[in-house]
Structure formats: structure tokens, C-alpha cells
1. Take the residues of the stretch A:358-411 that are of a type in the set (Lys, Arg) and part of a helix (DSSP H, G or I): which is farthest from the chain's Cα centre (by Cα)?
2. From the list A:241, A:232, which one is at pLDDT 75 or above and over 40 Å from the mean Cα position of the chain (by Cα)?
3. Quick check: is even one residue across the stretch B:72-81 in a helix (DSSP H, G or I), at pLDDT 90 or above and within 8 Å of chain A (Cβ to nearest Cβ)?
4. In this structure, does residue A:416 turn out to be under 24 Å from residue A:562 (Cβ atoms), under 24 Å from the mean Cα position of the chain (by Cα) and at pLDDT below 90?
5. If I filter the stretch A:1-36 down to residues being outside any loop (DSSP other than H, G, I, E, B) and hydroxyl-bearing (Ser, Thr, Tyr), which single residue comes out as surrounded by the fewest Cβ atoms within 10 Å (Cβ to Cβ)?
6. Of the residues that make up the stretch A:437-460, is at least one among the basic types (Lys, Arg), buried (at least 21 other Cβ atoms within 10 Å of the Cβ), more than 17 Å from residue A:579 (Cα to Cα) and modelled with pLDDT of 90 or more?
7. So is residue A:562 at pLDDT 85 or above, more than 11 Å from chain B (Cβ to nearest Cβ), under 46 Å from the mean Cα position of the chain (by Cα) and loosely packed, with under 14 Cβ neighbours inside 10 Å or not?
8. Consider only pairs whose beta carbons are under 8 Å apart and that are at least six residues apart or on different chains; among these, list those whose first residue lies in the stretch B:28-55 and is away from chain A (no Cβ under 13 Å) and within 17 Å of residue B:70 (Cα to Cα) and whose second residue is open to solvent by less than 80 Å² (accessible area, probe 1.4 Å) and part of a helix (DSSP H, G or I).
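The values are calculated or read from the model by the stated rules, or taken from the named source; none is laboratory data. Worth saying up front: this structure is predicted, and the values here are computed from it rather than measured. Ideal geometry is used to build each Cβ from the backbone, glycine not excepted, and the neighbour counts take in all protein chains shown. Surface accessibility is based on the protein's heavy atoms, side chains included, excluding ligands, DNA and RNA. Shrake-Rupley method; radii C 1.70, N 1.55, O 1.52, S 1.80 Å.
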Amino acid sequence: MLRKTLLPSIFLLLAYGFWVSPDFKAISAGVAIFLFGMLSLEEGFRAFSGGVLEKVLKRSTDRLWKSLGFGFLTTTLMQSSSLVSVITISFMSAGLLGLTEGVGIIFGANLGTTTGAWLVAGFGLKVKLSAYAMPMLVFGVILLFQKASHLKGIGYVLVGLGFLFLGIHYMKEGFEAFKDSFDLAAYAVPGYPGLFLYAAIGILATVVMQSSHATLVLIITALSSGQISYENALALAIGANVGTTITAIIGAMSSNAQGRRLAGAHLMFNVATGVVAIALITPLVLSVDQVSDWLGIVADNYTLKLAVFHTLFNLLGVILMLPLINKMVLLLNRVIKDDVVDIDQPQFVVASAVQFPDTAVEAVRQETNRVYDHGRDIIISGLGMSKAQVFADIDLEKPLNAQNKIVRVDIDDLYQRRIKGLFSAIIAFISEAAFTWKEQQSGTLHWMRDANTNIVEAVKACKHLQKNMLRYLLSDNYHIRREYNYLRIRVALLLRRLEQVRSDNPDESSLLGLDEIRLSLLEWDQKQSLRYYQLIREGHISPQMGSSLINDSAYVADIHSNLLAMATTLFTDKERKHSSVERALSLDDAELNDILGAAEQARRVL
Amino acid sequence: MKTKKLIDRVRAMFDEDLRNNHQVQESLNEVLEKLRLKEKKMLAELEHEHNPGRREALQLKIDLVHSQRKKGIAMLRQAQTDAGDRKPPATPEP
């Protein structure tokens, strides 16, 4: 119930917000663009995984000091710790980095971000990221159209960065109104209450503006004009440092568990550093004075002293947290669990079943039956039908022809979740078991492995068939619609027949009974292709439609032959006395064609 | 005749191929009998079927079972020859 109402409620709230406030619209668009940039960036990095990027990253982060250095350097160059943390999250989501390395980079990024304070305080400079967004998007999109995968990858990275910058830009634009309302002088408070209050304001301002740099500019302006005290400015800088983690938290929203852990590490580090800095504010201020003196900074140059403070307290944080990095990783792993993906787990092919040949063969048979169940269900839903329709003892033509809406299911996704895991487990189980056993069981396992492959092949053929099928089933052209309906009815009838074979008593489900299905398939195949040519000749369907039909009927034939081969092993072999004789008596295609040829001749004579 | 049967059984005890051959023959006989009955049943159905479409489909099924039986009989004869049997006890006629 909650799930069903959640999405519409969010939509309604957002729509109301957009209507009420254009600023809110700009901010939301900024978040959306930012998240899209994250996805694009991940896609881009994925294109490079397994290659150069992995090697470079591995080499530059294989030691803790290297991770720290990497984080420091990249943040100094990009002038944004948020961006570095977001990119690190996307690296981790793509599986290019581990959590320890990622945390190292985040620590380094926190140090790197202090160079920004020096630039702002010393030179009044700030790298404007949004200025890079447009050219990045243009170059990125051009590269996306290239065929080479590495160029495409670069394109995705550029487009991703472009959208990230653009997203931040929109968020900032949207928050301009909020920024104006932060009159810092109004809240000048001395002592510890002031520290906490200003730290909170610093957090809020940075969350709102999505940039600790922007907050620092505000602080420096306010400080130089004497609106706030030096202590309050320090508290604001501490708050800005905590608030900057919000970007990583937003970034982690679209990420997997690893990304969320990194955002957690970022938050833990910055909050811990902030708390320590507030607790040790007096010794820190004394240290700042000493270091400033040593660096030759005049006593009343508070802006540069603020930069010194920023560097010192982040350095203190890194020194304090570095020894705890492994404990932090353990804690994060425990608190933030891996995403539970709905993937079918093997029930029968378990380690204990491999000990005895007979139990192992039975385990593989049972598991293969599950693979078939899933494969059958995927094929049925993939072709826009329901199990109730297929297995009811009714004429399928009418209800299927009357269908005016077909829901497309993602066969690839279903295959990954429902079949691949089981199939892989069966393959692993068979390779572990087969080679040590007697010939008979090994032989059965060999057939079982083939049966699994047959099911997978049938699902793949269904995937190829699905594209045109769903398109033409809703076509205005009656003839093409009817032909595609015939195609899926053929598949449905086979599944229905196989289900009968599976559940009937052993006498009825003999291998020889499957020859009947093979014969009818061959007969249908021959008649069908003749009809397609006739439909093209008479102008009922276009040659393009005809070629699609011919290709797709080949996929139907693939589904048939694979499922029949599977059934030969899976449905008829169980403890059967005559299975080897029946297998030998079963007719091959040439023999079945002879029967059809003779029947055709007899028809002509009549 | 009885002596020959006895000799065959003794031979089969020591000869695994022969034992397998006899098993195959027995199995073939059983399967062929079932197929014969199935064909007979369908032939009876055909006599009472007047719908041309259904008659054609049924005839095709009968042809299929008949071909399977023919194949089986050829296999049985081959098995009997391999086992050195001149006169099998009950060879079904196609």
C-alpha cells in the first residue's frame, strides 16, 4: 500500500512545489541533472573497467598514503572535494575501487579542499566549475556518437561531469534567494553557544549552496567586514566542512551499498573532525597563531588565518582518523548491508548433495526442473501471455487475438535474476561432481547440462522473437497480427503439450510421444513458409514484414527444438526402463520428412 | 530346444554383451507391443472419424507410429542376429 502511494505522493508534492516556487523548481532540476550526471559518469567509468583505468587507479591507491595523495591531488586540481567524493563513489559503484581505498581518497580530499581556502583567502580566486559544463556536454555528446567503446566511455565521463557541474550550477542558482537571507551579522554570539550556532549555520549554508567554497567566500566577506568575530568564522568553517558531505550523500542515493558506505565514511570523518575541532578550539586557535607567526602572516590578517585553521583542523582530523580507518570500514560494512537483489538461489544443488552419485543426479534434475519452470514463465510473459491462458484447456486464438494491450517484460533482467544463478550453480555442481563418477551417472549429468543449455537457448530465442512480436501484435495490419499470434500460439501449444508430458503417467510420456510434436512442427514449418510467400505476393504484408516473419518463425523453431531436446532428457528419463530403446526408436528429421512426403503424395492421389 | 535355452542362459551369465542384448530385445518387444496396440487403437478411431481434417491428422499420427514400429522391428531383428538367434520367440509383424 505504502509503496503504491509513495511515488504518486512524491510527484504531487514536487508538482505543488514547482507551482509555488520557481526557485524550488530550479533546485530540484539541479538535483535531477546532478543525479543523471552521476549515472552517466558511472556508465563511462564502466567502459574503462578491466583496462587502463583500473590499472591506474590500482597503482595510485594500493597504499594508504597513495590514496590520500590521490584524493589530495585530484581535489586540489578540481577544487571540489564534493566532486572528488562523488567521482569516487561512482568508481566504487563500478567496482573499480574498494572501500578502504575510497576512504583514503576521501581523507585526502578533505585535505585537498583546504587549498581552496588558501586560494579564496590569499588570491580571492575560485575555479568556476559551471563554466566547464557546456563544452564538456558538447564534446561528450559528440563522443557518445562514436562507435569505439573507449571514445564512448570518454563521452559518458564528459557528459557526466558536464551534468554534475550543470546540476550544481542550477542548485546554486536556485539557492541565490536563500543566500541573500543569510545575514551573518545578525547572529554574532560569543563563547561555546556561538560556536555551535555558527557551526550549524555553516552546515546549513553549505547544504543549501552545495559548496563549501561558497560558504567560505561568505565567511571571508563577513569576517573582513567585521560582521562576525574570528571565533564565529572558525565555527562556520567547521560547519562548512560538515555540510559539504551532503553532495556525497546525494551522490550515494543512486549508488550501490559500496557508494553509500563511502558517503557514510565521508560524513563520519567530517563530523568527527568537526566535533574535535570544536572541543579543541582554544588550543587550535593558539596553534593557528603560532603557525601564522611562523609563516609570516600578520596577526590581523584573519582571512589567511582562517585558511591556516581550515588546514590545521582537517590535518588533525586525518591524523586522528587514520589509525581508525580499518575499524571504520568494518563498522560501515556492518551497518550498511549489501543490496539484496532478488536473485533465485539454488535449492537442490548444494554441497552436501555432491557426495553420492544418485543424490547428485537427482539434485541436478530437480534444479533443472526449476530452471525449466522459470524459463517457461519467462517465455510465456515475454510473449505477452499469461500462464492461466496457456495452461487452460481452451482455444487460444480468440483471447489472444482480442488482446489490445501487451506489457513488455525485460527478458534479460528476468534471465539474470531467475535463470543465470541457477544455471551457473548447476554447471559448477556438475563440473565438481562428474569426473569422479561411474559412467552412467556422468552420462546423465552430461544430458542434464545439455537440457539446461537448451532452456537457456530457448529463452534467448524468445528474447529475439519478442521485439517484432510485441510490435506486430498491436499492428493495424490484420494479417501480420494474425501471423504473429499464430507464432506465439505455436509456442503456447508446445508448452501446454510439454506440461502434459511432464505430468502424465510414464506410459503416455514416452520419448516416442514427443515425435508427434516434432512431426507437427515440421509440417507447420513447411506450410507456414509457403503462406508467408503467398501473403507477400498478394500484398497483404510488406516484404519487410515477411522477412521479419520468416526470421521470427525460425526463432519459434529454435524454441521448439530446444525445448523438445530438453524434454527428451528431463521429462522422460526418470527411472524409465525403456528409455534407451525409446531414444533409439525416436525418428530423426529425415524420417519425419519422409512421413510428411508420403502423406502429401497420398493427398494428391485422392 | 531346452538344452539350447539353458546353454544360452549360461552363456549370458558370463557374457555381458549378450546379457545386454537380451535386455534390449526384451525392452524392444515391450515397446513394440505398446506401439502395436496404439496403432490398432488409432486405426479403430479412424474408421469412425468423418471430419476430413481430423482424419488427415489421425492418419499422420498412425503413419508416425507405424514408422516407429518399422524401425523397432528392424532393430529387433538386428539384435537377434547379433545374439545368434535364428528364430526369435515373438517377432511382431509391422
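1. Start the filter on the stretch A:358-411 by keeping residues that are of a type in the set (Lys, Arg), which leaves A:365, A:370, A:376, A:387, A:398, A:405, A:408.
From the residues that got through so far, the ones that are part of a helix (DSSP H, G or I) too are A:365, A:370, A:376, A:387, A:398.
Values: A:365: 32, A:370: 26, A:376: 26, A:387: 29, A:398: 40 Å.
Applying the filter and picking the extreme gives A:398.
2. Details: A:241 fails: over 40 Å from the mean Cα position of the chain (by Cα).
On inspection, the qualifying residue turns out to be A:232.
3. Yes, that holds for at least one residue.
4. Numbers: under 24 Å from residue A:562 (Cβ atoms): yes; under 24 Å from the mean Cα position of the chain (by Cα): yes; at pLDDT below 90: yes.
So residue A:416 passes the test.
5. From the stretch A:1-36, those outside any loop (DSSP other than H, G, I, E, B) are A:2-20, A:22-36; that's our starting set.
Now restrict to residues that are hydroxyl-bearing (Ser, Thr, Tyr): A:5, A:9, A:16, A:28.
Working: A:5: 9, A:9: 11, A:16: 11, A:28: 17.
By that ranking, first place goes to A:5.
6. So the first thing to find is which residues in the stretch A:437-460 are among the basic types (Lys, Arg), and the list is A:438, A:449, A:460.
Right, trim to buried (at least 21 other Cβ atoms within 10 Å of the Cβ) and you get none.
Within the stretch A:437-460 (the criterion being among the basic types (Lys, Arg), buried (at least 21 other Cβ atoms within 10 Å of the Cβ), more than 17 Å from residue A:579 (Cα to Cα) and modelled with pLDDT of 90 or more), the answer is no, since none of the residues qualifies.
7. No.
8. As it stands, the answer is B:43/B:62, since those pairs meet every condition given.
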